[in-house]
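The numbers here are math on the coordinates, done by the rules we state, and not lab data. The shown structure was predicted, so the numbers you read here are calculated from the model rather than taken from an experiment. Cβ atoms come from the backbone with ideal geometry, glycine included; neighbour counts cover every protein chain shown.
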Amino acid sequence: MTMLLLVGGCAAEDEAAPDAAGGMQLHSAAFEDGGDIPAQYSCDGAGISPPLVWDHLPGETGSLVLIVDDPDAPLGTWVHWLLYNIPPETVGLAEDLPGKSGIPPGSQQGLNSWRKEAYGGPCPPSGEHRYFFKLYALDSRLDLASGADKKELMAAMEGHVLDQGQLVVHYRRPQ
């Protein structure tokens, strides 16, 4: 499954994902599920967000949520990107979204682990880390202001997840 790109920080977060069936597909033209994310999407390159596309959304989808995180961070899961209330007619995200101005109209960004409302690229302190791009279809929009953290976002999503798609990539910093 494929999901949008997000950057994160070092913060202990509950990894329990809402229950979902799993028919949605998440893809990127920049990398394959299980592959390596190119350096241009990391702190070692331009640090831009990767392009993402999705399909097979449930017909009753009211909004989408994208969470990008790194569960291998030394201090707990590092959140790289939170994007929510994405309109259901959106079919993907362009590469290099420039903060709030480039996200789909009506969408909101939450705080990543760097305490920014933006994408933050992979930047592991050591070794190879996994980066999870998780896309959720919800039955409604969320009643959350911009700037929510992952814990607040996950709590708001509870009971609203119709389906989800996932894309996992790897990154190791050059030696």
Worksheet item: What is the Cα centroid distance between the range 138-164 and the range 40-111, reported in whole angstrom?
Response: 14 Å
Worksheet item: Ordered by residue, what ³J(HN,Hα) values in Hz, to whole numbers, does the range 26-37 give under the Karplus form 6.51 cos²θ - 1.76 cosθ + 1.60, where θ = phi - 60° and Gly and Pro are x?
Response: 10, 9, 9, 6, 8, 6, 10, 4, x, x, 9, 7
Fill in: Under 18 Å from residue 116, Cα to Cα: aspartates and glutamates that are on another chain or at least 8 residues apart
13, 69, 70, 96, 149, 152
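In what order do 81, 54 fall by count of nearby beta-carbon atoms within 10 Å, going from fewest to most? Before the final figure, lay out the partial values.
Working: 81 28, 54 24.
Arranged by neighbour count, lowest to highest, 81, 54 become 54, 81.
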Response to the item:
Counting only residues 5 or more apart in sequence or on a different chain, those whose built amide H sits under 5 Å from that of residue 73 are 78
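Report relative contact order for the chain in percent, whole number only (criteria: Cα-Cα under 8 Å, sequence separation at least 6). Could you put the intermediate results ahead of the total?
Details: 528 pairs, mean separation 58.7, N = 175.
Normalised by residue count, the contact order of the chain is 34 percent.
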Worksheet item: Looking only at 52, 135, 97, which one moves most when the chain is put into a Gaussian network model with springs between Cα atoms under 10 Å?
Response: 97
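Could you sort 143-154, 39-50, 112-123 so that the peptide with the highest average Cβ count within 10 Å comes first and the rest follow in order?
Working: 143-154: 15.7, 39-50: 19.0, 112-123: 21.8.
By packing density, highest mean first, the sequence is 112-123, 39-50, 143-154.
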Practice prompt. Choose one answer from 90, 61, 77: the residue with the largest mean-square fluctuation in a GNM of the chain with alpha-carbon springs under 10 Å.
Written response: 90
Response to the item:
When the charge dipole of the chain is computed with +1 at the Cβ of Lys and Arg and -1 at the Cβ of Asp and Glu, the Cα pointing farthest to the positive end, of 170, 114, 94, is that of 114
Worksheet, complete the sentence: In the chain, taking the dipole from +1 charges on Lys and Arg beta carbons and -1 charges on Asp and Glu beta carbons about the Cα centre, the listed residue (161, 59, 84) farthest towards the positive end is 84
